[in-house]
Structure formats: structure tokens, C-alpha cells
2 protein chains.
Amino acid sequence: MAREMKAAGRPRDPKTAENIKSTTLRLMREQGYAAVSIASIISESGVAKQTIYNRWKTKADLVLDAIFEETERYASAPDHDFNKSCREQLYQFLIEVFEHLERDSRIICALIASAQEDKLFQKSFRERFVNPREKIVEDILRRAHSLGQISTERDIPTLVAFIHGAFWYPLLNGIQPDRKLAQNIVAEIFRH
Amino acid sequence: MAREMKAAGRPRDPKTAENIKSTTLRLMREQGYAAVSIASIISESGVAKQTIYNRWKTKADLVLDAIFEETERYASAPDHDFNKSCREQLYQFLIEVFEHLERDSRIICALIASAQEDKLFQKSFRERFVNPREKIVEDILRRAHSLGQISTERDIPTLVAFIHGAFWYPLLNGIQPDRKLAQNIVAEIFRH
DNA sequence: TTAATTAGTAGACTATAGTCTATTATATTA
DNA sequence: TAATATAATAGACTATAGTCTACTAATTAA
């Protein structure tokens, strides 16, 4: 039954979550993940601590949610523009990801860090952030396979790991991926 | 002047640092990075808190030092056995790294996590852990270049990032790199 | 022997993530 | 209207990394 059951009890004020998330995102971008305390989010947004912990399990969980609306836009599949080669599509995707990272890399790296000590959060981060981006690259490569733009002998999961790893690795070592890296990645993936 | 100047003041007891490091490594392997508190290291090793913070800046700094003696052995260059192809050398290196990771991946991932919120530690981790491993792979690929085992057109820094990224990426997403991954990596790098 | 210097101990203190409890506010249902 | 359930507030409490200060121990240099 898809009844619209209205839960008993006081309903959540939708403005409360919006307030907390936007305050969090703003503070994070101004000061970075570690520098922003839950206490400062509380005092800036004017809510009680328990209101935050009623909705999110941890600080990382809140921050992931706060940047999710924005980040998911960058994980939208590129137009299947058939004038563009798969190579161009991959390049375009990487450039968009790198531009996004230029703004939020500190926060993303902090979330990857948090995922190392919280397996539940790791799963959540994987599902919401990692998997969608993996799928886009996988789709591009599969199309390239079927269009004969890369050899059918090559292993797609390995290439996907290569591509993502190739910018995660410098990122986590404090190096911003740039246009040159994107060019080098596509050149290596699509070389004859 | 390379005078053997003996510093004034009470000399450090070399047993103290050894005690702290071995206790730390043992506890870390038993319980993992997050589960081991500085307090537990103190009570197990019997030293004072300040004794630890006199020598190491942070918990991560201590842990890096504690596993360094062991990990650096796995970053030793492989024998330049000219019976072995570069492909085999790379495969051997990856297998050794993966076996090492099987034991200490939780700790290594926690150190990578710590590096995200402490740029000084990031630099230290890069110099002691990342760079030596990069160099080994780079050397193998350069030799492969000059021996004609891979095309001279291919960009070595990009390949190095591919190789390391290809196991860092699954590792940080909670997936243990295995033999199959090592095979796929060398197959992709050394394909004709 | 004395002064200076550094190592190590002991424990109070700070900052911060997260938990717990009591209280008040706002909704549904009987 | 009364009972019940959940939201939100307020603030005490816990655990832990790291700092600070006072003290004692071991060494060098004068």
C-alpha cells in the first residue's frame, strides 16, 4: 500500500535541515573540514546539537549530505553527443571533475579520510559519490568498446580503476589534477 | 666539521623509543589505528605522555615511524635480474606490495587519512612512504623504455600514477588488491 | 662541586566529536 | 480534550588528542 501515512508526532521542519546543510557547506568552503567544529555549525545555524545528531550519524555524514546536491550534478552522464568521440567524452568528463575538485578537493579528501575509520560511512560514500562516477566512465568505455574506439581485448574494470586512481592518487598526495593530466589519461587509454 | 659533539643534558634512552614504537606497532596490528589510544600506548609501554610528544608530533607521526622499519623493506628495489623481463619485475613488485598491504592496509589507510588533515605529516608520509615506491616503479618503466619493452611514446609519470592509483583507489574504497589486479595492471601497461 | 641543559614523569588542562537526559513544542489519533 | 509520539532545545557528560607546567634524573662544562 502506497498510503501517504503521516507519521504521528511533531513533524520535522524542512527549513531546519536546509539551514544546517547550507551553513555547514558555507563554513566548510570558507575554512575547510577540520577547522569547522560541530560547535561552530551549531552557533552559526542556531540549532541544538541533538538536532544535528538526530539526522546525521557523524560530522562526515552531515558534510557528505551538505555537498551531495552539488556534487551529484558533476556526476551526471554527459550527453550522448554522437558527434563527439568517446575520447572527447572522457576528456570532457575529466575536465568537469577536475574543475569541481578545484573548489571542493579539501572537503572530498577529508571525506575519503573519514571513510577510512568508519566502514558504514565508507559504504555510504561509495554509493553516493564513488559508484556514480565509476559508472559514467564505465559507460563511456563500453561504448568505446562497441564502437571500436578501443580494443575489445582491454579489461574495462582495470581501465576504470586506472582512470579514477590516476587522479585520486595525486589528489590524496596534495597535488591538484590539471588539464595536462586529463590529456595524458585519455592519450594513454585511447592510444592505438 | 663532522665533530662528534655530545649534546649537553641527559641523553635519550634508546630503549625508550624502541619500547614506544614496538608497543605501538603491536597494538596497532592487534586493534587498528582508531581503536588504539595514546593513553593505551602509555599504559602498555609504561612511559609518560610527554615522552611520546617529545619525540613525535602526532599519533600519526608515531605510527608512521613505528611501521617504517618494516615498510621500507618492501620498498627496496628488486634485484636487477636480467633474466627477468621488466614486466615480470613490475608484477613481482606489485605482488610484494599487495602481500604487505594484506597485513597493514588498515594502518596505511589510516595514515593516508591523517595526511589529509595535516600537511606537514602529508609531506613526511610522501617522502618516507610514497616517493620510494614511486621511484621503484619509475625505474622499472625507464628500463623497459630503454630495452624497448614498452613504446618510447608513452608518458612514464602518467603510467606511474596509473599503477599506484590502480591499487590505492580500491584500497581506499575498502577493497584489497589481489593477484588478479596485479595481472591486469601489468597486462595493460605492457600490452603491445 | 655547581650551573646549565636535556630526558623523563606526573597530572592538570583544553578542544572537540559524540552520547545522554530532561524539558518544551507540535503534530496525530482516540 | 486527552494521550501519545516525535522534533527541537539546553546542557551535562564521556572519550581522546594534544598542550602546559612543575618536578626529578642524568649528563656536560666550568
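The values are calculated or read from the model by the stated rules, or taken from the named source; none is laboratory data. Fair warning: this is a prediction, and the values are worked out from it, not measured in the lab. Neighbour counts run over all protein chains shown; Cβ positions are idealised from the backbone, glycine included. Accessible surface areas use protein heavy atoms only, side chains included; no ligands, DNA or RNA. Shrake-Rupley method; radii C 1.70, N 1.55, O 1.52, S 1.80 Å.
Ordering A:Ala17, A:Ser40, A:Met28 by Cα displacement along the dipole of the range A:14-55 toward the positive end leaves A:Ala17 in first place; charges were set at the Cβ atoms of Lys, Arg (+1) and Asp, Glu (-1). Label point of B:Pro14 (7 Å along Cα→beta-carbon): distances to the other copies' equivalent points are 6.9 nm, sorted ascending. Among A:Gln89, B:Phe121, A:Leu141, whose Cα sits farthest toward the positive end of the charge dipole of the protein assembly as shown (+1 at Cβ of Lys/Arg, -1 at Cβ of Asp/Glu, about the Cα centre)? Farthest towards the positive end: B:Phe121. Peptide B:167-176 has a mean shielding of 6, counted as Cβ atoms of other protein chains within 10 Å of each residue's Cβ. Rounded to the nearest 100, the interface formed by chains A and B buries 3100 square angstrom of accessible surface, both chains summed, with a 1.4 Å probe. Of all complete DSSP H helices in chain B, those with a Cα span along the helix axis of 24 Å or greater and a mean Kyte-Doolittle hydropathy of -1.0 or more are B:86-115. Per residue of chain B, the DSSP helices (runs of n ≥ 4 H) give a summed -39500 (n - 2.57) that works out to -22000 deg cm²/dmol at 222 nm. Take A:Phe68, move 7 Å from Cα toward the beta carbon, and the resulting point lies 4.1 nm from the same point in each other copy, nearest first. Against the compact-protein benchmark of 2.2 N^0.38 Å, the Cα-based radius of gyration of the range A:68-189 scales to 1.06. Using a 1.4 Å probe over the heavy atoms of the protein chains, calculate the carbon and sulfur portion of the accessible area of the protein assembly as shown as a whole percent. Within the protein assembly as shown, the accessible surface is 50 percent carbon and sulfur.
Structural descriptor for chain A: relative contact order 21 percent, calculated from alpha carbon pairs under 8 angstrom and at least 6 residues apart. When chain B is turned onto chain A, the axis of that turn runs closest to one Cβ of chain B, and that residue with its distance in whole Å is B:Gly165, 1.
What is the mean number of Cβ atoms from other protein chains located within 10 Å of the Cβ atom of each residue in peptide B:114-122, rounded to a whole number? Don't skip to the answer; put the middle values down first.
Details: counts 3, 5, 15, 9, 1, 1, 0, 0, 4.
Across B:114-122, the average partner-chain Cβ count within 10 Å equals 4.
Across the identical copies, the label point of B:Asp178 (7 Å from Cα in the Cβ direction) is separated from its matches by 4.0 nm, in order from shortest.
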